[in-house]
Amino acid sequence: MNDALHWNNVADTYDTQIFNVFKNDKKRKLQRFISKYANKKNTAIDFGCGVGKALPLLAPFFKEIIGVDVSKKCIAIARTSPYKNVSFKEADLAAQKINVPSVDFAFCCNVAMSDDVKRNYRIIRNVLNSLNKGGVAVIVVPSLESVSISALTLMRWYETEGVNLADIPKDEMKNFRGDTSKHLAEGIVNIDGLPTKHYLFTELYALFNSGNFSLQKLDRLEYGWETEFDSPPKWMQAPYPWDWVAEVKRVK
Ligand SMILES: C[S@@+](CC[C@H](N)C(=O)[O-])C[C@H]1O[C@@H](n2cnc3c(N)ncnc32)[C@H](O)[C@@H]1O
């Protein structure tokens, strides 16, 4: 299924189906990443804006926001947001080239995460290429290390209840392994049954420190354990599950 078809199908039930990064960001880090670059004289682009969840973090702090998404239906919902300085554009960010204005700030939250690694990398490249020299992109992507920590934590939970590793129900561990060895090598792990690209620290370090770009900061956006497991016990604390948030600058 292509991206537009998939996300048009999701649009109507977006709130119940899709994880809300902004609501679950435990330490409200995204707000700080964005406000560092907030400037009422600048235009910013929200790449893969979805139904517009990031708009409250962006619209009040920039002159103009352009929300770009492949899904007509998601954009139609985002258009109902109350902000007057937001416009929208339908585009496939994985195309070889996209037609958007150059900006000083770009935001892209959990968009480059399909099971097609080349398409994901093209999305990231297009986001970065939209920046003026000196401009910054804040990019959020799923973490493969977090998948591993979640699996370890689940095993520890079973252990505290006297269950051996071999006796953990297979279904419980199904989200923590790739469907094929290609998937495993590429960091494709299922989320709610959907093969989803997850990134390693070292992969992002190399990806964002190349060509005209320099990685300024790579941090963890932490979420509570209740976002992974039903009724997690009280001892289940840090390290919490996380997505990576990267701040990438165009230096040339
Ligand atoms: C998980 S949602 C995230 C939405 C929003 N960034 C947020 O954090 O609430 C992924 C969004 O990326 C969009 N998307 C996925 N692939 C895309 C592509 N190739 N080009 C443009 N948008 C895409 C989807 O339509 C969807 O709205």
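The values are calculated or read from the model by the stated rules, or taken from the named source; none is laboratory data. Bear in mind the structure is a predicted one, so any value in this text is a computation, not a measurement. Positions of Cβ are backbone-derived with ideal geometry, glycine not excepted, and every protein chain shown enters the neighbour counts. When the accessible area is computed, the model is the full protein with side chains, heavy atoms only, and any ligands, DNA or RNA have been set aside. Shrake-Rupley method; radii C 1.70, N 1.55, O 1.52, S 1.80 Å.
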Inspect segment 182-202 for any residue being without any contact (Cβ under 8 Å) to a residue 60 or more places away in the chain, among the acidic types (Asp, Glu) and more than 30 Å from residue 31 (Cβ to Cβ) and give the result as yes or no.
no
Read through the list (1) assigned to a helix (DSSP H, G or I); (2) more than 18 Å from the chain's Cα centre (by Cα), then give the number of the only condition that residue 214 fails.
(1)
Taking residue 163 as the residue in question, decide whether it is open to solvent by less than 80 Å² (accessible area, probe 1.4 Å), β-branched (Val, Ile, Thr) and in a loop (DSSP other than H, G, I, E, B).
yes
(1) in contact (Cβ under 8 Å) with a residue 12 or more places away in the chain; (2) charged (D, E, K, R); (3) over 26 Å from residue 2 (Cβ atoms): which one isn't true of residue 90, the others all being true?
(3)
Could you please find all residues in segment 62-87 being touching a residue at least 60 places away in the same chain (Cβ under 8 Å), closer than 23 Å to residue 117 by Cα and aliphatic (A, V, I, L, M)?
70
State whether one or more residues within segment 6-28 are of a type in the set (Gly, Ala, Ser) and without any contact (Cβ under 8 Å) to a residue 40 or more places away in the chain.
no
Which of the residues that make up segment 187-211 are open to solvent by less than 50 Å² (accessible area, probe 1.4 Å) and not β-branched (Val, Ile, Thr)?
187, 190, 195, 197, 198, 199, 203, 204, 207, 208, 210
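Conditions tested, residue by residue: (1) in contact with a helix residue (DSSP H, G or I) (Cβ under 6 Å, 6 or more places away or on another chain); (2) aromatic (Phe, Trp, Tyr); (3) part of a helix (DSSP H, G or I).
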{"site": "195", "(1), (2), (3)": "no, no, no"}
{"site": "203", "(1), (2), (3)": "no, no, yes"}
{"site": "221", "(1), (2), (3)": "yes, no, no"}
{"site": "230", "(1), (2), (3)": "no, no, no"}
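Rundown of residues vs (1) modelled with pLDDT of 90 or more; (2) within 16 Å of the ligand (Cβ to nearest atom); (3) under 17 Å from the mean Cα position of the chain (by Cα); (4) at positive phi, yes/no style:
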residue	(1), (2), (3), (4)
131	yes, no, no, no
135	yes, no, no, no
139	yes, yes, yes, no
142	yes, yes, yes, no
155	yes, no, no, no
161	yes, no, no, no
164	no, no, no, no
179	no, no, no, no
The one condition in (1) of a type outside the set (Val, Ile, Thr); (2) in contact with a helix residue (DSSP H, G or I) (Cβ under 9 Å, 6 or more places away or on another chain); (3) near the ligand (Cβ under 9 Å from one of its atoms); (4) under 26 Å from residue 201 (Cα atoms) that residue 150 fails to fulfil
(3)
Does residue 110 meet the test of being more than 17 Å from residue 34 (Cβ to Cβ) and crowded, with 16+ Cβ neighbours inside 10 Å?
no
Selected residue [in contact (Cβ under 8 Å) with a residue 12 or more places away in the chain, closer than 24 Å to residue 252 by Cα and of a type in the set (A, V, I, L, M, F, W, C)] from 59, 95
95
Only one of (1) open to solvent by 90 Å² or more (accessible area, probe 1.4 Å); (2) closer than 22 Å to residue 18 by Cβ; (3) touching a helix residue (DSSP H, G or I) at 6+ places or on another chain (Cβ under 7 Å) fails for residue 243. Which number is that?
(1)
Quick check on my filter: what residues within segment 106-129 are within 9 Å of the ligand (Cβ to nearest atom) and either touching a Cys at 6+ places or on another chain (Cβ under 6 Å) or small (Gly, Ala, Ser) (or both)?
112, 114
How many of the residues making up segment 113-122 are open to solvent by 40 Å² or more (accessible area, probe 1.4 Å) and part of a helix (DSSP H, G or I)?
4
